[in-house]
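In what follows, a structure is listed as structure tokens, so that the remarks can point back to it.
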Amino acid sequence: MKNSKFIRNSIIWNQLISICEEQANVLLKVAFGALVREAGDISAGIFNNKGKMLAQAVTGTPGHVNTMAEAVPKFLKKIASDKLRKGDALITNDPWIGAGHIFDFVVVSPIFFRNKIIGYFASTCHVIDVGGIGWSAEGKSFFEEGTLIPISFLRKKKLINENLLNIITSNSRVPNEARGDVLSLMSCNDAGICRLIDLLLENSLNDLSEISSFIFSQSRSSMKKIISKLKKGIYRNNTQLDGYDTPINLEAELEITKKGIFINLGKSSKSTLRGINCPINYSVAYASYGVKAAIAPEIPNNSETLSFIKVKAPPGLIVSAIKPSPVTARHVVGQALPDLVLGCLH
């Protein structure tokens, strides 16, 4: 009986990953921008009713997936679940909530099943143009980089917020494409919800609580087993990038303990007036990716696996920029962080 339950839950877990992959494929097919359709600059995932990521699509980038894992709880902190209704969809492109720069929009949709919220689908993509200086590192603050949309309702009770869409399109050089990209995020979440409800009915499930506990339990035990085999201690690495006016120093101190892996980026360079700064959420995403890719690539990514990797830096560094630092080209620094932490592990 115990083995059959384990097998059943394992199958459902894999089905959730497949649903997220379908969700991502819908986004790739219906989006307008080439960065989405051709480059797959997206993420898609399912979250439990607490806002913790259960599964993600294989399609996507670490800077989108891992930031989205942290973004959904921030949505729910701003707009409580009891304020949400069937058909609602929330949106933001705040770099310090989402994926680190103002082009990346995150849409979160509640999953209602039998008149209650059992979880959320979320998706992220790079919207083709949101005004401002464009995709350039020349802005001196993020206010120059485009139109900021705070956490808002993109759709309320199945009624699209056209006023919000008008703000986005009115500030875009390619309004039709920008509108299409934003709506594609909502559409792919809707597709995920439909597929999930089919899965729940097929397996006679009322919610995601059992599978959520199973996923996190298996992920936790797997990560503990892997970390237990690593040599405990503190490891350091640094690297230098050319930068603009002066070189940029990135430095990491990585500590492996029985409880997890802790990365301190506190000795890295201070933030700059050029738009290559990273909000801390983006730095966390890529530093965590470097560690997980090295030690646990076979374990599916979710909130529990990511919880074993902690990244910190004091505010005001190039890896932990604060508003209103410019951040459009944050990938220049952020995507160097996996190599930085791999050097520590080496």
Notebook entry, point to check: Looking at residue 89, is it farther than 24 Å from residue 167 by Cα and over 11 Å from the mean Cα position of the chain (by Cα)?
Noted result: no
Margin query: Test of understanding: among 129, 198, which residue is on the phi < 0 side of the Ramachandran plot, buried (at least 16 other Cβ atoms within 10 Å of the Cβ) and among the acidic types (Asp, Glu)?
Written below: 129
Item checked: Evaluation of residue 256 against (1) within 25 Å of residue 228 (Cβ to Cβ); (2) buried (at least 24 other Cβ atoms within 10 Å of the Cβ); (3) among the hydrophobic types (A, V, I, L, M, F, W, C) (one fails), failing number -> (2)
Item checked: helices (runs of 4 or more DSSP H) (entirely within the range 288-346) containing at least 2 residues that are touching a residue at least 24 places away in the same chain (Cβ under 8 Å) and among the β-branched types (Val, Ile, Thr) -> 331-334
Notebook entry, point to check: If you check 282, 244, which single one turns out to be out of contact with any strand residue (DSSP E or B) (no Cβ under 7 Å at 6 or more places or on another chain) and part of a helix (DSSP H, G or I)?
Noted result: 282
Notebook entry, point to check: Would a scan of the range 165-177 turn up a residue that is over 27 Å from residue 37 (Cα atoms), assigned to a loop (DSSP other than H, G, I, E, B) and not aliphatic (A, V, I, L, M)?
Noted result: no
Notebook entry, point to check: Considering only residues of the range 256-275 that are in contact with a helix residue (DSSP H, G or I) (Cβ under 8 Å, 6 or more places away or on another chain) and among the hydrophobic types (A, V, I, L, M, F, W, C), which is farthest from residue 313 (Cα to Cα)?
Noted result: 256
Notebook entry, point to check: Out of (1) of a type outside the set (Ser, Thr, Tyr); (2) out of contact with any Ser or Thr (no Cβ under 9 Å at 6 or more places or on another chain); (3) under 30 Å from residue 32 (Cβ atoms); (4) without any contact (Cβ under 8 Å) to a residue 60 or more places away in the chain, the odd one out for residue 277 is which?
Noted result: (2)
Notebook entry, point to check: Given (1) open to solvent by 20 Å² or more (accessible area, probe 1.4 Å); (2) more than 10 Å from the chain's Cα centre (by Cα); (3) under 20 Å from residue 148 (Cα atoms); (4) not polar (S, T, N, Q), where does residue 37 come up short, assuming only one miss?
Noted result: (3)
Next item on the list: Have a look at 178, 191 and point out the one that is out of contact with any strand residue (DSSP E or B) (no Cβ under 7 Å at 6 or more places or on another chain) and within 21 Å of residue 56 (Cβ to Cβ).
Entry: 191
Note to self: I'd like the full set of residues that are in a loop (DSSP other than H, G, I, E, B) and more than 30 Å from residue 83 (Cα to Cα), limited to the range 138-152.
What the structure shows: 138, 139, 140, 141, 145
Notebook entry, point to check: Somewhere in the range 153-162, is a residue part of a helix (DSSP H, G or I) and buried (at least 19 other Cβ atoms within 10 Å of the Cβ)?
Noted result: no
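The values are calculated or read from the model by the stated rules, or taken from the named source; none is laboratory data. Nothing here was measured: the structure is a model prediction, and the numbers come from that model. Positions of Cβ are backbone-derived with ideal geometry, glycine not excepted, and every protein chain shown enters the neighbour counts. These area figures cover heavy atoms from the full protein model, side chains too; ligands, DNA and RNA do not enter into them. Shrake-Rupley method; radii C 1.70, N 1.55, O 1.52, S 1.80 Å.
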